[in-house]
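S.K.: The structure follows.
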Amino acid sequence: MKTLYAILVCVVILVGCKKKEGNDARIPSLSIAESEVTLPGESGNGVFTIKWAFTEWEVSTSPGFIGNLSYLKGGGEERSSTTRITFEYSANPSYTEGRAQEVFVTNKATGEKNKIIISQSAAAPLEVAVNSAVQYQQITGFGGMNNVWAAGTLTVDEIQKMYSPDGLGYNMMRIMIWPNKSDWGRDVATTLKAQSLGARILASPWTPPSALKSTKSNLHGYLLPEKYPEYVQHLNDFIDYMKDRGVIIEAVSIQNEPDWSPEYDGCEWSPEQILDFIKNHAGGIKAKVVAAEALNFKKMYTDPVLNDPIAVNNLDIAGGHLYGGGLTDYPLARAKGKEIWMTEHLMNEENDGMGWEQALVFAKELNDCMQANFNAYFWWYLKRSYSMLGDGDKGTVMGETLKRGYVMSHYAKYATGRRRIQIGSVTGNSNVHITAYESDKDITLVILNLGTSALPALKINLPTTVKTATTLETNETQNVVEKDATLGGDKKSVTINLPGKSVVSVKLNK
């Protein structure tokens, strides 16, 4: 009996010891598998791991480049486990400096904080290369139409704003050849002012004098073939009139939009009539000859001229508009040594011209025209709610530069007078569009980023050494503002930050 009692006492003692040992083992603990996490410069997803036992925990961090953590709290007092915390991180905007953010995991049972340092490398530049050995068209320039009809006429001060080198830097102006000589004086002052600032003048008729037409009216009809010599004289009289007042007409179009019959001044021409006129009469015009300014750059109006061995010598410039299409290369015109001018386009009902999204649509068109080997680009009215300067309509301010005005300034200042050269594209990014240009003194680029994501570091490799680099940016809130550009140590590259939804010009002085 005594023996049995002793055995029971030992069992009780052992059980008590086991319970005590079990209670002692349930000590709250927490640790981090990684005290530092290193991330690459581009955006992505990261992870760290919490080891915990018999405690709850919570994660905290200050605002920074990481976010969307999969868990902000967890754990439990009755068990132990590990938890993987995933997170997202943004791209580092700097390609020269890394950055770091602290994350704390707190043991709620003890109050102890565990720190994790999330460090991110500097951004690795995306690279493109300029190749000046591959050359394209010479850029004649950019501008628009001197206002006519139902739009406020331009003032000399507005011309100064648009055509001055210290202003928007435009250098092309299109004016109307009015059918009645009594109207010829209305554009002299503003055209003369633009020319004094370096503008080159294109003159376009909407209709010949009514006496020369089949309808005997400014509306509809066609130019009578027997009146072709008189029409040449009419064009030359205009050239002489402007010359006497100090304005040099560089180029004359034979007809604005010959391929339709509007309910305002107009004149219809067939391709055969254009060929006849240019072949047999246009050689007598005292300026460069432009044809055919068709609505969507219909090549059927100029192909016959370019293919005729006599007529081709009387045509200097293949011109056209982009209404309904036509933004394509014109290899035949280039093969015949002719410049290609886009002489009119506008986007008004669909794109009112005041917003930044609409300005980016316009920027893409300019880019595409350059890549299609166009030499010159003319917008429609220079002053209108959908144009370069506001006219008081649709909330615009009279004479105030609109977003489209600043966009065209990038091209006018950094493409004009230079030859377009080859540049690569950004791999895997269809939102970035780049054109490059070169003169004896510099290499320039105009870069569009139509996407919302920035390129923190875009490295542009150059074919030669350069001395200095300047960068100008236009975005939704800023207009042609200087930004940083970093030359490489060998002076044969430049690295820039390319924000989302932006237009950026880069000038590299040799």
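The values are calculated or read from the model by the stated rules, or taken from the named source; none is laboratory data. Note that the structure is predicted; figures quoted are calculated from it, not measured. In this analysis, Cβ positions are derived from the backbone assuming ideal geometry, glycine residues included, and neighbour counts consider all displayed protein chains. Areas reflect the complete protein model, heavy atoms only, side chains present, ligands, DNA and RNA absent. Shrake-Rupley method; radii C 1.70, N 1.55, O 1.52, S 1.80 Å.
S.K.: Answer yes or no as to whether Ala469 is in a strand (DSSP E or B), aliphatic (A, V, I, L, M), in contact with a Pro (Cβ under 9 Å, 6 or more places away or on another chain) and more than 23 Å from Gln137 (Cβ to Cβ).
M.R.: no
S.K.: Among the residues that make up region 258-278, is at least one of them touching a Gly at 6+ places or on another chain (Cβ under 7 Å) and polar (S, T, N, Q)?
M.R.: Checked region 258-278: no residue is touching a Gly at 6+ places or on another chain (Cβ under 7 Å) and polar (S, T, N, Q).
S.K.: Consider region 418-439. How many of its residues are under 20 Å from Pro463 (Cα atoms), touching a residue at least 40 places away in the same chain (Cβ under 8 Å) and either open to solvent by 50 Å² or more (accessible area, probe 1.4 Å) or not β-branched (Val, Ile, Thr) (or both)?
M.R.: Residues flagged as under 20 Å from Pro463 (Cα atoms), touching a residue at least 40 places away in the same chain (Cβ under 8 Å) and either open to solvent by 50 Å² or more (accessible area, probe 1.4 Å) or not β-branched (Val, Ile, Thr) (or both) within region 418-439 amount to 11.
S.K.: So, in region 222-242, of the ones that are open to solvent by 10 Å² or more (accessible area, probe 1.4 Å) and not in a helix (DSSP H, G or I), which residue ends up nearest to Asn280 (Cα to Cα)?
M.R.: Leu224
S.K.: Could you please find all residues in region 118-134 being in contact with an Asp or Glu (Cβ under 8 Å, 6 or more places away or on another chain) and open to solvent by 60 Å² or more (accessible area, probe 1.4 Å)?
M.R.: Across region 118-134, the qualifying residue is only Ala124.
S.K.: One residue is enough: does region 243-257 have a residue meeting the conditions small (Gly, Ala, Ser), under 35 Å from the mean Cα position of the chain (by Cα) and part of a loop (DSSP other than H, G, I, E, B)?
M.R.: Checked region 243-257: no residue is small (Gly, Ala, Ser), under 35 Å from the mean Cα position of the chain (by Cα) and part of a loop (DSSP other than H, G, I, E, B).
S.K.: Working carefully through the options Arg404, Arg420, find the one that is modelled with pLDDT of 95 or more and not in a strand (DSSP E or B). Talk me through it step by step, then tell me what you get.
M.R.: Details: Arg420 fails: not in a strand (DSSP E or B).
That would be Arg404, the only listed residue that is modelled with pLDDT of 95 or more and not in a strand (DSSP E or B).
S.K.: Please determine, by comparing only the residues of region 348-363 that are surrounded by 14 or more Cβ atoms within 10 Å (Cβ to Cβ) and within 12 Å of the chain's Cα centre (by Cα), which one is farthest from Gln255 (Cα to Cα). Give the steps one after another, and end with the answer.
M.R.: Applying the first criterion (surrounded by 14 or more Cβ atoms within 10 Å (Cβ to Cβ)) to region 348-363 yields 348, 351-356, 358-363.
Narrowing the set further to residues that are within 12 Å of the chain's Cα centre (by Cα) leaves 356, 358-363.
On the way: Trp356: 34, Gln358: 30, Ala359: 29, Leu360: 31, Val361: 28, Phe362: 26, Ala363: 28 Å.
Here the answer is Trp356.
S.K.: Going through region 268-285 one residue at a time, which ones are closer than 19 Å to Phe297 by Cβ and of a type in the set (Lys, Arg)?
M.R.: Selection gives nothing.
S.K.: Which of the following residues is free of Cβ contacts under 8 Å to residues at least 24 places away in the same chain, hydrophobic (A, V, I, L, M, F, W, C) and assigned to a helix (DSSP H, G or I): Val397, Val361? Before you say what the answer is, go through the steps one by one.
M.R.: Working: Val397 fails: assigned to a helix (DSSP H, G or I).
Going through Val397, Val361 in turn, the sole match is Val361.
S.K.: Another question about this same structure. Given the conditions (1) over 13 Å from Ile340 (Cα atoms); (2) touching a helix residue (DSSP H, G or I) at 6+ places or on another chain (Cβ under 8 Å); (3) open to solvent by less than 20 Å² (accessible area, probe 1.4 Å), and given that Pro262 satisfies all but one, which numbered condition is not satisfied?
M.R.: (2)
S.K.: Answer yes or no: is there a residue in region 445-454 that is open to solvent by 10 Å² or more (accessible area, probe 1.4 Å), in contact (Cβ under 8 Å) with a residue 40 or more places away in the chain and not in a loop (DSSP other than H, G, I, E, B).
M.R.: No, region 445-454 contains no residue that is open to solvent by 10 Å² or more (accessible area, probe 1.4 Å), in contact (Cβ under 8 Å) with a residue 40 or more places away in the chain and not in a loop (DSSP other than H, G, I, E, B).
S.K.: Kindly state which strands (runs of 3 or more DSSP E) lie completely within region 266-347 and contain at least 2 residues that are in contact with a helix residue (DSSP H, G or I) (Cβ under 7 Å, 6 or more places away or on another chain) and surrounded by 16 or more Cβ atoms within 10 Å (Cβ to Cβ).
M.R.: Qualifying strands (runs of 3 or more DSSP E): 288-294, 339-344.
S.K.: Also: I want to confirm something. Restricting to region 81-103 and keeping residues that are small (Gly, Ala, Ser) and in a strand (DSSP E or B), which single residue is most open to solvent (accessible area, probe 1.4 Å)?
M.R.: Restricting to residues being small (Gly, Ala, Ser) and in a strand (DSSP E or B), the top hit is Ala100.
S.K.: Please state which of the following conditions Gly353 fails to meet, knowing it meets all the rest: (1) on the phi > 0 side of the Ramachandran plot; (2) part of a strand (DSSP E or B); (3) of a type outside the set (D, E, K, R).
M.R.: The number of the failed condition is (2).
S.K.: Only one of (1) at pLDDT below 95; (2) under 31 Å from the mean Cα position of the chain (by Cα) fails for Asp187. Which number is that?
M.R.: In the conditions (1) at pLDDT below 95; (2) under 31 Å from the mean Cα position of the chain (by Cα), Asp187 misses (2) alone.
S.K.: Among the residues in region 34-46, are any open to solvent by less than 70 Å² (accessible area, probe 1.4 Å) and over 50 Å from the mean Cα position of the chain (by Cα)?
M.R.: No: zero hits.
S.K.: Counting just the residues of region 62-79 that are of a type in the set (Ser, Thr, Tyr) and modelled with pLDDT of 95 or more, which one comes out most open to solvent (accessible area, probe 1.4 Å)?
M.R.: Only one residue fits best here, namely Tyr71.
S.K.: Sticking with this one: Tell me, yes or no, whether region 482-496 has at least one residue that is in contact with a Leu (Cβ under 9 Å, 6 or more places away or on another chain), touching a residue at least 40 places away in the same chain (Cβ under 8 Å) and surrounded by fewer than 17 Cβ atoms within 10 Å (Cβ to Cβ).
M.R.: No, that holds for no residue.
S.K.: Sticking with this structure for a sec: Do we find that Ala100 is under 36 Å from the mean Cα position of the chain (by Cα) and free of Cβ contacts under 8 Å to residues at least 24 places away in the same chain in this structure? Break it down stepwise before answering.
M.R.: Working: under 36 Å from the mean Cα position of the chain (by Cα): yes; free of Cβ contacts under 8 Å to residues at least 24 places away in the same chain: yes.
It is true that Ala100 is under 36 Å from the mean Cα position of the chain (by Cα) and free of Cβ contacts under 8 Å to residues at least 24 places away in the same chain.
S.K.: Then there is this: Filter region 455-481 down to residues that are open to solvent by less than 50 Å² (accessible area, probe 1.4 Å), in contact (Cβ under 8 Å) with a residue 60 or more places away in the chain and among the charged types (D, E, K, R), then give me how many there are.
M.R.: The qualifying residues number 0.
S.K.: Can I ask one more? Restricting to region 364-390, name every residue that is more than 27 Å from Arg420 (Cα to Cα) and surrounded by 23 or more Cβ atoms within 10 Å (Cβ to Cβ).
M.R.: Listed by number, the residues that qualify are Lys383, Arg384, Tyr386, Leu389, Gly390.
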